[in-house]
Amino acid sequence: MHLKNLTDGQILLLPDDLLWTDEHHWTPAVATVSYLLTGALLVESATRLAGRPITLQAPEDMAWVTRTLVDQLFSFAAEPDRTLELKFADGRTFVVMFRHQDQPLDCAPVLGFGGWEPTSRWRVVIRLMVV
């Protein structure tokens with residue numbers, strides 16, 4: 001899988017075994033329900049046009065990335081309006097942005113300490129949304 005910066009074309013290669021943990025926690029249908037003064041039920045529904053969350057998370061024992069990639073991810077996330085192309089190994093492609101409202105990245109060294117070397121292994125959680 002990869003993340004491609006749509007501004008300059010820079011590509012970050014991500015492990016294909018990152019899990020999309022909230023793939024089935026979202027639906028495009030949305031509704032609000034309320035009661036009128038008469039006691040009648042009012043249901044207003046619509047279809048969401050964007051905003052589907054994509055949370056990519058490394059399992060405990062796989063999908064580790066290097067410190068260099070972690071630094072590159074933080075560089076991508078530093079620009080608030082950056083749009084990216086996320087392409088999965090199976091060919092699915094989404095135009096996404098980092099979810100800055102939800103802490104866009106959560107990274108920690110695999111060993112729980114250190115991790116300063118560029119090749120040190122890290123676990124990541126990447127929080128994106130479809131735009």
Would you be able to say whether some residue in the range 71-79 is surrounded by 14 or more Cβ atoms within 10 Å (Cβ to Cβ) and part of a loop (DSSP other than H, G, I, E, B)?
-> no
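This table checks each residue for (1) more than 30 Å from Phe76 (Cβ to Cβ); (2) out of contact with any Cys (no Cβ under 6 Å at 6 or more places or on another chain); (3) free of Cβ contacts under 8 Å to residues at least 40 places away in the same chain; (4) surrounded by 10 or more Cβ atoms within 10 Å (Cβ to Cβ).
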{"residue": "Asp16", "(1), (2), (3), (4)": "no, yes, no, yes"}
{"residue": "Glu23", "(1), (2), (3), (4)": "no, yes, yes, yes"}
{"residue": "Val33", "(1), (2), (3), (4)": "yes, yes, yes, no"}
{"residue": "Leu37", "(1), (2), (3), (4)": "yes, yes, yes, no"}
{"residue": "Ala40", "(1), (2), (3), (4)": "yes, yes, yes, no"}
{"residue": "Ser45", "(1), (2), (3), (4)": "yes, yes, yes, no"}
From the set of residues in the range 88-130 that are in contact (Cβ under 8 Å) with a residue 24 or more places away in the chain and small (Gly, Ala, Ser), which is nearest to Leu18 (Cα to Cα)?
-> Ala89
Of all residues in the range 96-120, which are surrounded by 15 or more Cβ atoms within 10 Å (Cβ to Cβ) and either closer than 21 Å to Met1 by Cβ or modelled with pLDDT of 95 or more (or both)?
-> Val96, Met97, Phe98, Arg99, Pro104, Leu105, Cys107, Val110
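Please note which strands (runs of 3 or more DSSP E) are completely contained in the range 1-61 and include at least 3 residues that are more than 25 Å from Gln101 (Cα to Cα).
Numbers: elements: 2-5, 11-13, 29-35, 41-47, 53-57.
It comes to 29-35, 41-47.
The values are calculated or read from the model by the stated rules, or taken from the named source; none is laboratory data. These numbers come from a predicted model, not from an experiment. So basically every Cβ, Gly included, is an ideal-geometry build from the backbone, and we count neighbours across all protein chains shown.
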